[in-house]
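Peer 1: One structure, as structure tokens, below. Some questions next.
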Amino acid sequence: MTSTLGQVGLIARRSVRRTLRQPALIVPSIVFPLFLLAVNASGLAAATKIPGFPADSYLDFGITVTFMQGALFASITAGTEIATDIGSGFLNRLQLTPLRRVAILVGQMSGATMVALLGAVTYLAVGVLSGVDVKSGFGGAVVLVLYALFTAVAFAGIGATLGARTGSAEAVQSVFPLMFTVFFLSSMNMPRNLIGVDWFRTVATWNPVSYLIEGMRSLVITGWDTTALLRGLGVGCVVLVLSFWAASRALATRMART
Amino acid sequence: MIADFTAVGGAVLRRNLTHAFKNPALLVPSLIFPLIFLIAFAGGLSNIGNVPGFDFRSGYTAFQFVFVFLQSAAFGGVFTGFAIAADFESGFARRLMLSAPRRPGIIAGYVVAAMVRWALTAAVVTVAALIAGMQVDGDGVQLVGLVTLGLLLNATAVLWGTGIAMRFQTLQAGPIMQIPVFLILFLAPVYVPLELLSGWIHSLASVNPATALVEAGRGFISGEPTVVGVAYLAGFGLVALMLVWALTGLRKAERRA
């Protein structure tokens, strides 16, 4: 029997191929965040004149939002793919094989992870070409891409949970507005200390997405800020563990049901 | 002839509204998205109102409310465009084309349905903005002017969506309906007035017809009307252009039916 790693490889290969064959999944997840970055960087350039704003250029400040949007797309892609496989009966057929559940789960997320990696490298390359100055240097840029990938995998677990629980691609898509809301209610567009509305600042302070963004952002606008990085990584680890635990449970329930 | 037109339009209107209001999956996103944008822009970015040179009389919440209000009108039209495409996918539109004695009535029905659907969204967004402390300095006539701008944008978007749906007859054409509307809206002065924009976005926003609509809307709510003539000219011009687009789409769909 193939090892667990071999099993992951088998499912991952299928997932990556299937995702890469769907430009409709890849193109929007790369183009849409870049378009928003272009609009925000120009439209919110005036924000850098607010006393205490931590960057000279809004492009530097805003580029990390693209990585978070990439994570959001990874979440939706992972959930949709699992739901589609449930709907088409592919998961039922997998149950007739000796594949382990963890192999199915991890393998299924490979397509979404690949898109997230492609996106992260593109966002960074476009950003640097447009004038983004990564204060932590080349090493920081590499860490930034890895950090973005890690965040995308953690969020893909949320999508996978939804996909496995509902078995419906439409249901996964319909959660998009909710996740979008969670992203917007964070410090993604403005540093927390400069958010003027009290309740919004409180929500942003409790919102884990703020710490993920601030960790990434610190690499670009500050340099090596250990506190921001560790906070972000800590939050990311919690999201990762919880989302994979929930996805594994949901998949187990789904497989027992079928 | 007119009776046939109104009967067809009325039937399409009733069906679309029943379908939309009884289906939370259709209704909720059209209500939630504008609220998200209102919270994110008016709440999260409120400090932009303190940027030197930003002197909008009614404050940043009102400034952003107008954009979100007009954006919800445009996207309300796009969402109705999705419904038309779905009607083609289910085969309902084909049966409708065969049974309707005056087919332009179909378009009229969808346009009015989009306006009614948007009326609910507009009410929800307005109440949310008022709860958030929005300051309204415009008088009744000026607020009617703002709503009229919204209706023009709503009609433009639904006619654009209708033309696409009639030509492609599939929901997969959704991005073609949505993306141009999104681009046009976000290339207007979203966060700050046109004068505070610079570079490429200032150049694009200066020639974007949506800029006149947004600026006129902001003028109405602050009680200091500006570029009203240009805005209405742009609004009615866009509706006329999109009406031709929708009617030629209908002709193409008739040939395929």
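The values are calculated or read from the model by the stated rules, or taken from the named source; none is laboratory data. Computed from a prediction, not measured in an experiment: that's the story for all the values here. Virtual Cβ from ideal backbone geometry, glycine too; neighbours counted across all protein chains shown. When the accessible area is computed, the model is the full protein with side chains, heavy atoms only, and any ligands, DNA or RNA have been set aside. Shrake-Rupley method; radii C 1.70, N 1.55, O 1.52, S 1.80 Å.
Peer 1: Of the residues in region B:10-25, how many are closer than 26 Å to A:S168 by Cβ, assigned to a helix (DSSP H, G or I) and more than 10 Å from chain A (Cβ to nearest Cβ)?
Peer 2: Final tally of qualifying residues: 7.
Peer 1: Just to verify a result, which residue in region A:43-80, among those that are farther than 25 Å from A:L178 by Cβ and of a type in the set (F, W, Y), is surrounded by the fewest Cβ atoms within 10 Å (Cβ to Cβ)?
Peer 2: Here the answer is A:F53.
Peer 1: What do you reckon, is B:I36 facing chain A (nearest Cβ under 8 Å) and over 19 Å from the mean Cα position of the chain (by Cα)?
Peer 2: no
Peer 1: Hey, another quick one. For region B:36-64, name all the residues that are more than 14 Å from A:A47 (Cα to Cα) and modelled with pLDDT of 90 or more.
Peer 2: B:L38, B:F56, B:R57, B:S58, B:G59, B:T61, B:A62, B:F63, B:Q64
Peer 1: Return yes when A:D56 is within 30 Å of B:Q64 (Cβ to Cβ) and among the charged types (D, E, K, R) and no when it is not.
Peer 2: yes
Peer 1: Here's a follow-up. Report the residue count in region A:230-258 for those that are under 17 Å from the mean Cα position of the chain (by Cα), among the hydrophobic types (A, V, I, L, M, F, W, C) and surrounded by 20 or more Cβ atoms within 10 Å (Cβ to Cβ).
Peer 2: 4
Peer 1: Continuing with this model, one more query. Out of B:G109, B:G81, B:G77, B:G145, which single residue is of a type in the set (G, A, S), touching a Phe, Trp or Tyr at 6+ places or on another chain (Cβ under 6 Å) and not in a loop (DSSP other than H, G, I, E, B)?
Peer 2: Testing whether each residue is of a type in the set (G, A, S), touching a Phe, Trp or Tyr at 6+ places or on another chain (Cβ under 6 Å) and not in a loop (DSSP other than H, G, I, E, B) leaves just B:G145.
Peer 1: If you don't mind, there's one more thing I want to ask. Those residues that are within 8 Å of chain B (Cβ to nearest Cβ) and among the polar types (S, T, N, Q), I need them from region A:188-212; list them, please.
Peer 2: Hit for region A:188-212 is A:N189, nothing else.
Peer 1: Given the criteria assigned to a helix (DSSP H, G or I), surrounded by fewer than 23 Cβ atoms within 10 Å (Cβ to Cβ) and without any contact (Cβ under 8 Å) to a residue 24 or more places away in the chain, does A:V16 qualify?
Peer 2: Taking the combined requirement at face value, the residue does not satisfy it.
Peer 1: So B:A155 clears everything in (1) in contact with an Asp or Glu (Cβ under 9 Å, 6 or more places away or on another chain); (2) not in a loop (DSSP other than H, G, I, E, B) except one condition, right? Which one?
Peer 2: (1)
Peer 1: Still on this model: Counting only residues that are more than 13 Å from every other protein chain (Cβ to nearest Cβ), part of a loop (DSSP other than H, G, I, E, B) and open to solvent by less than 40 Å² (accessible area, probe 1.4 Å), how many does region B:57-67 have?
Peer 2: Adding up the residues that qualify gives 1.
Peer 1: What residue, of B:A108, B:A73, is modelled with pLDDT of 85 or more and surrounded by fewer than 24 Cβ atoms within 10 Å (Cβ to Cβ)?
Peer 2: Result of the check over B:A108, B:A73: B:A108.
Peer 1: For region B:21-35, name all the residues that are modelled with pLDDT of 85 or more and either open to solvent by less than 30 Å² (accessible area, probe 1.4 Å) or under 18 Å from A:M190 (Cβ atoms) (or both).
Peer 2: Answer for region B:21-35, where residues must be modelled with pLDDT of 85 or more and either open to solvent by less than 30 Å² (accessible area, probe 1.4 Å) or under 18 Å from A:M190 (Cβ atoms) (or both): just B:P34.
Peer 1: Residues of region B:123-165 being open to solvent by 10 Å² or more (accessible area, probe 1.4 Å) and under 18 Å from B:I32 (Cα atoms), which ones?
Peer 2: Hits for region B:123-165 are B:A123, B:V124, B:T126, B:V127, B:A128, B:L130, B:I131, B:A132.
Peer 1: Within region B:98-105, is there a residue that is of a type in the set (D, E, K, R), touching a helix residue (DSSP H, G or I) at 6+ places or on another chain (Cβ under 8 Å), more than 13 Å from every other protein chain (Cβ to nearest Cβ) and in a helix (DSSP H, G or I)?
Peer 2: Scanning region B:98-105, I find no residue that is of a type in the set (D, E, K, R), touching a helix residue (DSSP H, G or I) at 6+ places or on another chain (Cβ under 8 Å), more than 13 Å from every other protein chain (Cβ to nearest Cβ) and in a helix (DSSP H, G or I), so the answer is no.
Peer 1: Given A:A41, A:A55, A:A45, which one is in contact with a Phe, Trp or Tyr (Cβ under 6 Å, 6 or more places away or on another chain), more than 28 Å from B:G174 (Cα to Cα) and within 14 Å of chain B (Cβ to nearest Cβ)?
Peer 2: Unique residue meeting the criteria: A:A45.
Peer 1: Output the qualifying pairs, or none if there are none: Cβ atoms under 6 angstrom, residues six or more apart or on different chains, first residue in region A:59-82 and of a type in the set (A, V, I, L, M), second residue not in a helix (DSSP H, G or I).
Peer 2: Once the first residue is of a type in the set (A, V, I, L, M) and sits in region A:59-82, its partners that are not in a helix (DSSP H, G or I) give A:L59/A:V132; A:I63/A:V132; A:V65/A:M188; A:A78/A:M109.
Peer 1: If you don't mind, there's one more thing I want to ask. Has region A:217-229 got any residue that is assigned to a helix (DSSP H, G or I), within 18 Å of A:P33 (Cα to Cα) and more than 9 Å from chain B (Cβ to nearest Cβ)?
Peer 2: The answer is yes, given that some residue of region A:217-229 is assigned to a helix (DSSP H, G or I), within 18 Å of A:P33 (Cα to Cα) and more than 9 Å from chain B (Cβ to nearest Cβ).
Peer 1: Can you report the number of residues in region B:188-204 which are facing chain A (nearest Cβ under 9 Å) and either open to solvent by less than 30 Å² (accessible area, probe 1.4 Å) or of a type outside the set (A, V, I, L, M, F, W, C) (or both)?
Peer 2: Qualifying residue count, region B:188-204: 9.
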